[in-house]
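A short write-up of the structure that comes next.
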Amino acid sequence: MENKDAQYNKSNPLELLKSHGFKFTKSMGQNFLADPNIPEKIVKLSGIDASSGVLEVGPGIGALTGELSKTAGHVTAVELDKRLVPILINTFADRNNVSIIQGDILKTDIKTLIENTMNGLTYNVCANLPYNVTTPAITALIESKMFKTITIMVQKEVALRICAKPGSKDYGAFTIYANYHTNPEILFDVPPECFIPRPKITSSVVKLKTRTEDLLDKEKEATFFRVVRAAFNQRRKTLVNALHAAFSESYDKDRLTKIVEKSGFDARIRGEMLSLEDFIKLSFFIE
């Protein structure tokens, strides 16, 4: 049986916040889910089950936390806002598979945290990420190399960047980074009216399935990402010119031209036209 606050949370989240004297903090990028259908859909499409341990970042007032707790083996929810922690603890007092942690995910030892709370389960992420830490949070979650899947709600523009195709306006270094480590897909969009307060933008839910094997060894991976950064730091320049700006201490422009052509590309091509596989191929010709 759900406690009173859990029922109150689901039926009228704004009243729950008012009862605790809570006021939104714009600098924290707080937009809480108010439509109960959205958390249900997220959990269903995430693939989370009883064998899953779930890290949730920025639970807010627990709309998604509640749905996760019905399905997952354990939910560890990390909330930065100290004012929300008592609300969450009270709301989920009767759920022995929910841990509420006050902290900053960007300053948290993710590996230690989840091993201490979810040991023996398959590690996953499911979260409505705060807008102000979206990119660094995604990076931290990927870099931890702990999670089978990362299902997150983000600004639609971020989702489009993650899943962009070569040559599109959204395609960039972060696209390559996300696709190098995961296989991402956009699951569905979430309109502003599903939140309180209403954001000015549409959100999207993205599922990133972590690759089970590294595409490159560590040494070549470093070169690969240096090539990617060079290509997109000056994306309006040709790939040869962009690479020359980054590797001029080791390669002259003629040699870089030959490397680009040897990799199978026209010397006039721009880096934004190369796919993940193309960048991997190119990186093998650069030391």
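Condition check for Ala231 on (1) within 29 Å of Ala72 (Cβ to Cβ); (2) small (Gly, Ala, Ser); (3) surrounded by 21 or more Cβ atoms within 10 Å (Cβ to Cβ): one failure, at (1).
The residue that is surrounded by the most Cβ atoms within 10 Å (Cβ to Cβ), among those in region 160-190 that are without any contact (Cβ under 8 Å) to a residue 12 or more places away in the chain and not hydroxyl-bearing (Ser, Thr, Tyr), is Ala164. The helices (runs of 4 or more DSSP H) located wholly in region 206-271 that include 2 or more residues which are of a type in the set (A, V, I, L, M, F, W, C) and touching a Ser or Thr at 6+ places or on another chain (Cβ under 7 Å) occupy 218-233.
Scanning region 73-104 for residues that are in contact with a strand residue (DSSP E or B) (Cβ under 7 Å, 6 or more places away or on another chain), more than 18 Å from Lys148 (Cα to Cα) and either part of a helix (DSSP H, G or I) or of a type in the set (S, T, N, Q) (or both) yields Val85, Leu88, Ile89, Asn97, Ser99, Gln102.
A single entry from Val85, Val75 fulfils the requirement of being free of Cβ contacts under 8 Å to residues at least 40 places away in the same chain and in contact with a Cys (Cβ under 9 Å, 6 or more places away or on another chain): Val75.
In region 272-287, which residues are among the hydrophobic types (A, V, I, L, M, F, W, C), surrounded by fewer than 18 Cβ atoms within 10 Å (Cβ to Cβ) and in a loop (DSSP other than H, G, I, E, B)?
Within region 272-287, Phe284, Phe285 qualify.
When we screen Thr151, Thr139 for residues that are within 22 Å of Asn179 (Cβ to Cβ), touching a residue at least 24 places away in the same chain (Cβ under 8 Å) and part of a strand (DSSP E or B), the only hit is Thr151.
Taking the criterion of being without any contact (Cβ under 8 Å) to a residue 60 or more places away in the chain, of a type outside the set (Gly, Ala, Ser) and under 17 Å from Gly167 (Cβ atoms), the residues of region 218-259 that qualify are Val228, Gln234, Arg236, Lys237, Thr238, Leu239.
When region 114-132 is limited to residues that are under 15 Å from Ile152 (Cβ atoms) and part of a loop (DSSP other than H, G, I, E, B), the one that is nearest to the chain's Cα centre (by Cα) turns out to be Leu129. Mind checking which residues of region 70-96 are among the polar types (S, T, N, Q), crowded, with 20+ Cβ neighbours inside 10 Å and either modelled with pLDDT of 95 or more or not assigned by TED's automatic domain parsing to the domain that holds Met118 (or both)? Thr76, the sole residue that qualifies.
The values are calculated or read from the model by the stated rules, or taken from the named source; none is laboratory data. In this text, all values refer to a predicted model and were calculated from it rather than measured experimentally. No Cβ is skipped: glycine too gets one built from the backbone with ideal geometry, and neighbour counts run over all protein chains shown.
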